[in-house]
Amino acid sequence: MGNRHKAREFTLQILYQHDMVDTPVEEAIELFWRDIQAPREVYDFSNRLVYGVLAHRDEIDKLLARYSENWSLERMNGVDRNVLRIAAYEILCCDEIPKNVTINEAVEIGKRFGTEDSGAFINGIIDKIARDYKHGGDNGGAKDRANGKNPPAEGGPAAGEPAGDDFADHGTEE
């Protein structure tokens, strides 16, 4: 199992705790990493995903709501919802990660942690998003923006401001 795969699994666990128990993110991260020994690359990539998903959560959730026909986010189980959030963030904001890798990882993690139907459910939604959206180019600055340290590109929302549908600006593939 590769370092990034492990980091995605850890990200799911942190986001799940934050989502289901409404634990503040810093507390969820601290509690999680307290007892986990992992290479620095795993820690860094996982935290990048956690902060990225949370910084863009409203936009990601709107996107997932559009692509998940007949399923509200509230109806989805917590594992599927958070795997979808991670994968959507990667597709939209992580240029260096090939879309097919993101899709495969999301499906595998969904199968491992979700229900017997999770893999197909996740694949159906993420595949549609991947076909329609080009990478957004965030490449890791979401944590800093979430903490108000790195302002967004000109015309983008400042940290703490509603972002609207930022992902709509990333264009679609023809």
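Distances between every pair of Cα atoms in segment 1-131, grouped in 5 Å steps from 0 to the bin holding the largest one, split as 2, 11, 23, 26, 22, 12, 4, 1, 0 percent. Among HIS5, HIS56, HIS18, sorting on how many other beta-carbon atoms sit within 10 Å of each Cβ, with the fewest leading, yields HIS5, HIS18, HIS56. Take the Cα of ALA120, step 7 Å toward its Cβ, do the same at ASN70, and the gap between the two points is 1.2 nm.
None of the figures in this text is laboratory data; all of them are computed from the coordinates on show. Not measured: the values here are computed from a predicted model. Here the Cβ is made from the backbone with ideal geometry for all residues, glycine too, and neighbour counts use every protein chain on show.
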